[in-house]
Amino acid sequence: MKRILKTPLLPQNKATVAVSEEAKSTISALKKIGLDVFTVKNNPKLDKSVSSHADCNLLQLDERTYVCDESISPDLIEYFNQNNIVKYLTIGEMDKEKKDIKIISEKITSPYPGEVGINVKRLDNCFVCNTKYVSKAVQIYAAANNLNLYHCNQGYVGCSTVLIDNNAAMTDDPSVCDCFNRIGFDCLMLSKGQIKLSGHSYGFIGGCCGYIDKNLLAFNGKIDSHSDAEKIKSFLDKYNVNYIELIDDTLTDIGGIVPILEEIDG
């Protein structure tokens, strides 16, 4: 059996992950090691280079609430139903008194800043985001649940950050690193510009990886292709995180490997 993650981005067991439909070799590698993959299809309102990126198109708010681009919502609902996640699954506004799973639809559109509305990091008790551009759904949810919105200048917080645990993260953006430090995180600052992204000069560290199981991080490429490889490995070791490399290539931004479901023991 499966359930929606208890803690966004940090599965406690084997995960089902959301991955761009364009990342065919990555999807194949994930399936070869026994993972189920929710394939994120093209969002025609986004620039082609990020149109199917999971971190631009969907965001878990809690164990029963997602916000997605309107083009992704029907697919996610169907996928959850296929996996018998919940008895009742609806599209609509949040209601704290009900236990239904909510898929809140937003319009995520290029150009910037329209494409970063849900490209944020949901932490244990807050969000890190560019508060000027974060979506209304996130703002409403944060207010209803007494969660702070911490501002940083980077709009692509989601794809520029790797959440290691509830107190640690890695990023290649100075403003994001400063923000995480302000809220008490142990944050590893990495050199920028070394992650490939088709159609752009470079991508982001968060866009090339994601957890696929408890304490197991999957990278889309070789860590040694990054000049800070030893720092990354040391930081992961500090937090008892193992890693695997899915493809034999330089680290490549595919919009993240985003865990959306986790298996339940027993």
Exercise for the section: For the chain, return all DSSP H helices satisfying: extent of Cα atoms along own axis at least 24 Å; mean Kyte-Doolittle hydropathy at least 0.0. Expected result: none
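Only Lys, Arg, Asp and Glu count, each charged at its Cβ (+1, +1, -1, -1), so figure out the dipole size of the range 2-263 about its Cα centre, rounded to 20 debye.
That gives the range 2-263 a dipole magnitude of about 380 debye.
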Handout entry: Dipole of the range 2-263, positive end: most advanced residue of ALA218, ALA169, CYS126 [Cβ charges, Cα centre]
Key = CYS126
Completion exercise
In deg cm²/dmol, rounded to the nearest 500, the helical mean residue ellipticity at 222 nm of the chain, built from -39500 (n - 2.57) for every DSSP H run of length 4 or more, is -5500 deg cm²/dmol
Exercise for the section: Based on other C-beta atoms within 10 Å, arrange MET189, MET170 from fewest to most. Expected result: MET189, MET170
Fill in the blank from the handout: Quick note, the range 1-70: a/c under 1.5 would make it rounded; otherwise a/b > b/c is prolate and the rest oblate (a ≥ b ≥ c, C-alpha gyration tensor); here it is oblate
Exercise for the section: Would you tally the net charge around ILE108, using a Cβ to Cβ cut-off of less than 10 Å, leaving ILE108 out, and scoring K and R as +1, D and E as -1? Expected result: -2
Exercise for the section: Please say if the chain is rounded, prolate or oblate, where rounded means a/c under 1.5 for a ≥ b ≥ c the square roots of the C-alpha gyration tensor eigenvalues, and otherwise the choice is prolate for a/b larger than b/c and oblate otherwise? Expected result: rounded
Exercise for the section: Please state the charge dipole magnitude for the range 144-248, taken about the Cα centre, from unit charges on C-beta atoms (+1 on K and R, -1 on D and E), reported in debye and rounded to the nearest 20. Expected result: 140 debye
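Taken together, the values in this text are just the output of simple stated rules run on the coordinates, not laboratory data. Keep in mind that what you see is a predicted model, and the values were worked out from it rather than measured. With ideal geometry, Cβ positions are generated from the backbone for all residues, glycine too; neighbour counts draw on all protein chains shown.
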